[in-house]
Amino acid sequence: MQLEDYFNFLSPEDIRLKGSRIGIETILYEYIYRARTPEEISQMFPSLTIEQVYATILYLGLTQDVTESLILA
């Protein structure tokens with residue numbers, strides 16, 4: 001599975017996890033600003049798998065400039 005397969009790219013500013021209405025900015029906010037672990041985030045959002053949470057964090061590492069603008073918006 002490719003990393004992009006975990007996401008629905010609705011627009012450059014609206015990227016959501018497949019099978020949910022949760023935007024990646026929600027997951028990344030919890031991870032970056034609230035210092036939650038992927039396991040804690042997965043428990044907060046029962047519709048997501050731990051794999052989806054890790055994929056979102058990996059996506060941040062690969063596209064830091066794009067995702068920073070989503071989080072700060």
Kindly establish whether residue 27 is at pLDDT below 95, within 12 Å of the chain's Cα centre (by Cα) and surrounded by 11 or more Cβ atoms within 10 Å (Cβ to Cβ). no
From the residues in the range 30-45 that are aliphatic (A, V, I, L, M) and modelled with pLDDT of 95 or more, which one is farthest from residue 10 (Cα to Cα)? 35
Within the set of pairs 6 or more residues apart or between chains, which connect a residue that is in a strand (DSSP E or B) inside the range 8-20 to a residue that is surrounded by 13 or more Cβ atoms within 10 Å (Cβ to Cβ) and among the polar types (S, T, N, Q) with Cβ atoms less than 8 Å apart? 15/8; 16/8; 17/8; 17/52; 17/56
Which one is most open to solvent (accessible area, probe 1.4 Å) among residues in the range 37-62 that are under 13 Å from residue 6 (Cβ atoms) and in a loop (DSSP other than H, G, I, E, B)? 49
I'd like the residue in the range 1-24 that is surrounded by 14 or more Cβ atoms within 10 Å (Cβ to Cβ) and among the hydrophobic types (A, V, I, L, M, F, W, C) and, out of all such residues, is farthest from residue 61 (Cα to Cα). 22
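The values are calculated or read from the model by the stated rules, or taken from the named source; none is laboratory data. No experiment lies behind these values; they were computed from the predicted model shown. Note that we place each Cβ from the backbone using ideal geometry, even for glycine, and neighbour counts take in every protein chain shown. These accessible areas exclude ligands, DNA and RNA; they are computed on the full protein's heavy atoms, side chains included. Shrake-Rupley method; radii C 1.70, N 1.55, O 1.52, S 1.80 Å.
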